Amino acid sequence: MPKVVLLFTGKRKSGKDYVVSKLKEMLKPEDCSIIRLSAPLKKQYSIEHNLDYDRLLDSSPYKEAHRLQMIQWGERKRESDPGYFCRLATEEEDKPVWLVSDCRRLSDVEYFKSHCSTGPAHPSCVLVRVSASDEVRRSRGWGWVGGVDDGPSECALDEVSCDYHVINNGIDEQLDMKLKELKNFIEYNNNG
Ligand SMILES: Nc1ncnc2c1ncn2[C@@H]1O[C@H](COP(=O)(O)OP(=O)(O)OP(=O)(O)O)[C@@H](O)[C@H]1O
């Protein structure tokens with residue numbers, strides 16, 4: 001059971017992976033795991049559809065070409081078992097700090113809040129929104145795709161209030177300050 005869980009949410013190309021990697025570099029490697037909920041989804045989807053799993057993982061046109069179908073496939077899995085991908089993504093994790101890089105659904109938030117925040121020895125489980133302007137996201141390769149950008153995988157957490165907000169428009173000092181704040185929060189809860 002982890003002691004601190006940070007759930008990162010944000011639009012495509014807001015920089016969730018980038019921010020999470022930078023934060024991990026600031027922490028002791030033995031303390032911290034990056035968890036990608038999309039990893040077991042992509043693994044299973046690639047097996048069933050005879051696709052290249054490694055190419056689905058990175059930030060590539062290959063991933064974008066399969067995104068909509070993959071989302072719809074994941075949707076059907078979640079309907080029968082909302083915690084399915086959260087459970088698969090974390091079953092072998094044993095480090096005290098989890099950085100969940102791609103939280104997209106209320107059911108993801110609820111899964112971690114209920115599995116990691118109950119009992120007297122509360123681990124802290126917080127939601128962190130990463131955002132960037134559309135212009136900056138476009139410069140990172142984003143373009144509007146109907147069915148994806150207006151679908152639940154992008155919008156389901158829009159109205160959910162977050163504990164931290166990371167503005168990631170490429171201003172390094174602004175990002176560094178927020179990352180230090182997150183690092184302090186993690187260390188306080190992990191060492192306390
Ligand atoms: N602050 C930044 N400075 C420089 N490059 C950045 C920054 N933030 C993100 N990027 C770059 O923008 C691209 C998209 O970022 P990233 O993959 O982290 O976004 P994401 O929100 O995880 O996207 P997706 O939801 O599509 O997986 C990457 O190439 C990343 O290196």
_Cross-chain or 6+ apart pairs with Cβ under 8 Å, segment 161-190 first and buried (at least 17 other Cβ atoms within 10 Å of the Cβ) and assigned to a helix (DSSP H, G or I), then modelled with pLDDT under 95 and hydroxyl-bearing (Ser, Thr, Tyr)_ = PHE185/SER124; ASN189/SER124
*Looking at segment 69-112, which of its residues are among the charged types (D, E, K, R) and under 16 Å from the mean Cα position of the chain (by Cα)?*
ARG87, GLU93, ASP102, ARG104, ARG105, ASP108, GLU110
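Tell me which residues, restricted to segment 126-160, are open to solvent by 50 Å² or more (accessible area, probe 1.4 Å) and within 18 Å of LYS13 (Cα to Cα).
Applying the first criterion (open to solvent by 50 Å² or more (accessible area, probe 1.4 Å)) to segment 126-160 yields 134-135, 138-141, 144-145, 150, 152, 158-159.
Across segment 126-160, the qualifying residues are ASP134, GLU135, ARG138, SER139, ARG140, GLY141, TRP144, VAL145, ASP150, PRO152, ASP158.
Counting only residues that are within 16 Å of the ligand (Cβ to nearest atom), of a type in the set (A, V, I, L, M) and assigned to a helix (DSSP H, G or I), how many does segment 88-110 have? First the steps, then the outcome.
Pass one, segment 88-110, residues within 16 Å of the ligand (Cβ to nearest atom): 89, 99-105, 108.
Among the residues that remain, those that are also of a type in the set (A, V, I, L, M) are: 89, 99-100.
So of that shortlist, the ones also assigned to a helix (DSSP H, G or I) come out as 89.
Residues meeting the conditions: 1.
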*Only one of (1) more than 30 Å from LYS28 (Cα to Cα); (2) in contact with a Lys or Arg (Cβ under 9 Å, 6 or more places away or on another chain) fails for ASP176. Which number is that?*
(1)
*May I ask you to list pairs of residues, at least six apart or on different chains, whose Cβ atoms are under 9 Å apart, with the first in segment 139-150 being outside any loop (DSSP other than H, G, I, E, B) and of a type in the set (S, T, N, Q) and the second being near the ligand (Cβ under 10 Å from one of its atoms) and open to solvent by less than 60 Å² (accessible area, probe 1.4 Å)?*
SER139/LYS13; SER139/GLY170
*Of SER33, SER14, which residue is hydroxyl-bearing (Ser, Thr, Tyr) and farther than 17 Å from TYR164 by Cα?*
SER33
*Having 2 or more residues that are within 8 Å of the ligand (Cβ to nearest atom) and open to solvent by 20 Å² or more (accessible area, probe 1.4 Å) is the bar; report the helices (runs of 4 or more DSSP H) wholly within segment 12-70 that clear it.*
16-25
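The values are calculated or read from the model by the stated rules, or taken from the named source; none is laboratory data. The structure presented is a predicted model; accordingly, all values stated were derived computationally and were not measured. Cβ coordinates were reconstructed from backbone atoms using ideal geometry, including for glycine residues, and neighbour counts include every protein chain displayed. Only protein heavy atoms, including side chains, enter the accessible area calculation; ligands, DNA and RNA are left aside. Shrake-Rupley method; radii C 1.70, N 1.55, O 1.52, S 1.80 Å.
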